[in-house]
Amino acid sequence: MEDFVLNPQDYKIINQHILQYQSMPGALLPLLHAIQDDLGFVPEIAYPLISSALSLSVAEVHGVVTFYHHFRSNKPGRHILQVCRAESCQAMGSEMLELHIKKHLGIDFHETTSDGAITLEPIYCLGNCACSPSVMIDEEVYGRVDSKKIDQLISDLKRAS
Amino acid sequence: MSIKIFVSKDSAALSLGADQVAAAIAKEAQARKLDIQIVRNSSRGLFWLETLVEVETVQGRIGFGPINPNDVKSLFDADFIKGAKHPLALGLVSEIDWLKKQERLTFARMGITEPTNIDQYIEHDGFEGLKNALNLDPQAIVQTVTDSGLRGRGGAAFPTGIKWKTVLDTKATQKYIVCNADEGDSGTYSDRMIMEGDPFVLIEGMIIAGLAVGASQGYIYLRSEYPHALKTLNEAIEKAKSAGYLGDDVLKSGHTFHLEVRRAAGAYICGEETSLLESLEGKRGLVRFKPPLPAIEGLFGKPTAVNNVISLATVPIILAKGAKYYQDFGMGKSRGTLPIQLAGNLKRTGLVEKAFGVTLRELLYDFGGGSLSGKPIKAVQVGGPLGAYLPESQFDTPLDYEKFSEIWAILGHGGIVAFDETVNMAKMARYAFDFCAIESCGKCTPCRVGSTRGVEVMDHILAGKDVEKHTTLIRDLSDTMFNGSLCALGGMTPYPVLSALNHFPKDFGVDVKETKA
């Protein structure tokens, strides 16, 4: 079933994080963050390692990873483009922007472009509501985004990767 | 002596290109061999003028904005560093009407100081509240906060002092202060601004809270969408530790207070306090039954004060200037000030801190300048995705918790999102159900199933199918969710839905006369 096998490097990273976090109270979220920060996702194959270190069942780890929108168990594209769908951005035309982006990239939300460059995700508020509509690319927010600006940002991303 | 030029590093300013503007200024100054110093400060919250560039002069700081990198050359050509004339010149920033008309208590330092410069924080009255608190016993600190009239700024508006008293009166070997920084409401950004722009005021508020209730450990539960706030808070915590404000012996008083930032993971429901505590414990963010209250059995089963960022960041000024000073602002039972966030379709968006009592109309037109699109404002949503939509006929309502309750609306966290006449309110009602379905924790049936059914029924209405029958069903469903949900997510989704239906029946295809009757 699982094609993906943890390579030795990732295995080492995950184990280092487990050692660092396992004695912390409420360790699971900080540990998952640390793993995702380094690998870009939390591989399912790592659940048994995490669960035994924290005395949890694999089901509990799976339950937490899937409960939170931020965590992913599949490898994303090289960049993550999050488009705000919340009310303030809607009041400034985010619905049109969303359609434009989907058409431009040829993908829907939660999908990755075929060249592996961009994963598209919806997000509900970036706290940039004074400058709507907003998108976030990796860890940077862009405000007052229109179709021209997003086209530029996307072509920069594709060029960079 | 080099001339100081200020460019904000608030993430809203960055989202409009503040880094590029700062870089262009540095490059141009170097080319012209001018001696300048670029200071990356917090934002004034004048987001309609970002990127705002300020120059220090003998009269004060002169502003220029909104500036984009292409404007920089012309600024230098006009000799802006001497405060000279330029088409984008704004004069003295502190004299800009929009800013001058505000009452900035919690946001007093915003746009003035550098976020993680602890010496500047102290120069601008920082840690005065903590020093006073260290001379008071816990009961007296709690009494001061109670007397100030401060109510939870996260949205629930529960008196902060009463919550603290419950934690103080509960005996336990370990207690916690938890700062709810999971600001997920659309239209809100005041928490983010404080954490990115004046992190020490939050840290100071949390230390005081710890002294007040007898807690030695604090956690800031920060939403994962705020990476800049994370960096700034962690840097500020390290500096506060080195300076002796955090640790085993706070300012050599014998009190212990440790503080740690924990990242949330994108679940809106974790802004609900019991769900937040579950998440901090490393679990799925399922809402807990109450009682027990978190103040009695909270994080890891211990007494816990869970407070919003703004509530905690307001505590220092109350302890510094006294309960009466704060209490003197406001109206009715809503005392003090509210950091209001203007968002959506407005000309002049940004942070307006005003005493309670200011009307929605003043905020939308005097401050907001009307819609950015130039079309009439049709509706505003106050208080986030679970807040009611208000029509023009309700714009004279003063911002006051009780006055908003009277019109079946909420103030929430103080976010105001304006929509122009192009909005279809039936679509917004569908969105409210959809949002609830996406974010429901799934524990209780009215929220989990009701939200999904709501989306389906709204789809029929939007398709014009059996509209009368389906709007009756929406009302029935809303009644079940309102009365039967375990927490505010399912329980308050009816606010946007029914207010949209009641005030804008035409958008639903309902006979106007019948509904208004």
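The values are calculated or read from the model by the stated rules, or taken from the named source; none is laboratory data. What you see is a predicted model, and the numbers here were worked out from it, not measured in a lab. A quick note on method: Cβ atoms are made from the backbone with ideal geometry, for glycine too, and the neighbour counts reach across all protein chains shown.
Please report, ordered by residue number, the helices (runs of 4 or more DSSP H) entirely within the stretch B:400-517 with at least 2 residues that are in contact (Cβ under 8 Å) with a residue 40 or more places away in the chain.
Helices (runs of 4 or more DSSP H) meeting the threshold: B:401-406, B:425-439, B:445-462, B:467-484, B:488-492, B:494-503, B:505-508.
Spot the failing condition for A:S88; the list is (1) surrounded by fewer than 17 Cβ atoms within 10 Å (Cβ to Cβ); (2) within 30 Å of A:D151 (Cα to Cα), and only one is missed.
If we test A:S88 against (1) surrounded by fewer than 17 Cβ atoms within 10 Å (Cβ to Cβ); (2) within 30 Å of A:D151 (Cα to Cα), just (1) comes out false.
Given the conditions (1) without any contact (Cβ under 8 Å) to a residue 40 or more places away in the chain; (2) aliphatic (A, V, I, L, M); (3) farther than 30 Å from B:R448 by Cβ, report the number of the one that A:L28 does not fulfil.
Every condition holds for A:L28 apart from (3).
Name the single residue that is nearest to the other protein chains (Cβ to nearest Cβ) among those in the stretch B:28-61 being touching a residue at least 24 places away in the same chain (Cβ under 8 Å) and in a helix (DSSP H, G or I).
Within the stretch B:28-61, the match that is nearest to the other protein chains (Cβ to nearest Cβ) is B:F47.
Only residues that are more than 20 Å from B:R192 (Cβ to Cβ) and touching a residue at least 40 places away in the same chain (Cβ under 8 Å): list them for the stretch B:1-26, please.
B:I3, B:K4, B:I5, B:Q20, B:V21, B:A23, B:A24, B:I25, listed by residue number.
At the interface with another protein chain (Cβ under 8 Å from one of its Cβ atoms), small (G, A, S) and assigned to a helix (DSSP H, G or I): does that describe B:S275?
For B:S275, the condition - at the interface with another protein chain (Cβ under 8 Å from one of its Cβ atoms), small (G, A, S) and assigned to a helix (DSSP H, G or I) - is not met.
State the number of residues belonging to the stretch B:370-395 that are of a type outside the set (F, W, Y) and in a loop (DSSP other than H, G, I, E, B).
Number of matching residues: 13.
Of the residues that make up the stretch B:462-480, is at least one under 19 Å from A:E87 (Cα atoms), in contact with a helix residue (DSSP H, G or I) (Cβ under 8 Å, 6 or more places away or on another chain) and outside the structural domain of B:E273 (by TED's automatic domain parsing)?
Yes: one or more hits.
B:G374 passes all but one of (1) over 22 Å from the mean Cα position of the chain (by Cα); (2) on the phi < 0 side of the Ramachandran plot; which number fails?
B:G374 satisfies all of (1) over 22 Å from the mean Cα position of the chain (by Cα); (2) on the phi < 0 side of the Ramachandran plot except (2).
What pairs can you find where one residue is in the stretch B:372-390 and within 9 Å of chain A (Cβ to nearest Cβ), the other is part of a strand (DSSP E or B) and of a type in the set (D, E), and their Cβ atoms are less than 7 Å apart, with a gap of 6+ or different chains?
B:S373/B:D420
Between a first residue in the stretch B:161-189 that is within 25 Å of B:P138 (Cα to Cα) and a second residue that is acidic (D, E) and at pLDDT 95 or above, which pairs have beta carbons less than 6 Å apart while being 6 or more apart in sequence or on different chains?
Every condition considered, the pairs that remain are B:A181/B:D191.
Quick check on B:T188: is it within 12 Å of chain A (Cβ to nearest Cβ) and among the β-branched types (V, I, T)?
yes
Answer yes or no: is there a residue in the stretch B:244-258 that is away from chain A (no Cβ under 14 Å), in a loop (DSSP other than H, G, I, E, B), more than 19 Å from B:I141 (Cβ to Cβ) and of a type in the set (F, W, Y).
Checked the stretch B:244-258: no residue is away from chain A (no Cβ under 14 Å), in a loop (DSSP other than H, G, I, E, B), more than 19 Å from B:I141 (Cβ to Cβ) and of a type in the set (F, W, Y).
Does B:S148 fit the bill of being surrounded by 24 or more Cβ atoms within 10 Å (Cβ to Cβ), in contact (Cβ under 8 Å) with a residue 12 or more places away in the chain, within 14 Å of another protein chain (Cβ to nearest Cβ) and touching a helix residue (DSSP H, G or I) at 6+ places or on another chain (Cβ under 7 Å)?
In short, no.
So is B:K354 touching a residue at least 12 places away in the same chain (Cβ under 8 Å), in a strand (DSSP E or B) and among the basic types (K, R) or not?
Criteria met by B:K354.
Would you kindly identify the helices (runs of 4 or more DSSP H) lying entirely within the stretch B:62-181 that contain at least 2 residues that are farther than 20 Å from B:I317 by Cβ?
Ranges flagged: B:72-77, B:97-100, B:160-169.
Pick from B:E128, B:E183: which is within 14 Å of chain A (Cβ to nearest Cβ) and touching a Lys or Arg at 6+ places or on another chain (Cβ under 9 Å)?
It is B:E183.
Tell me, which residue of the stretch A:21-54 that is of a type in the set (S, T, N, Q) and either within 10 Å of chain B (Cβ to nearest Cβ) or outside any helix (DSSP H, G or I) (or both) is surrounded by the most Cβ atoms within 10 Å (Cβ to Cβ)?
Checked the stretch A:21-54; the qualifying residue surrounded by the most Cβ atoms within 10 Å (Cβ to Cβ) is A:Q36.
For the subset of the stretch A:103-159 comprising residues that are part of a helix (DSSP H, G or I), away from chain B (no Cβ under 14 Å) and touching a strand residue (DSSP E or B) at 6+ places or on another chain (Cβ under 8 Å), which member is farthest from B:G197 (Cα to Cα)?
The qualifying residue farthest from B:G197 (Cα to Cα) is A:L105.
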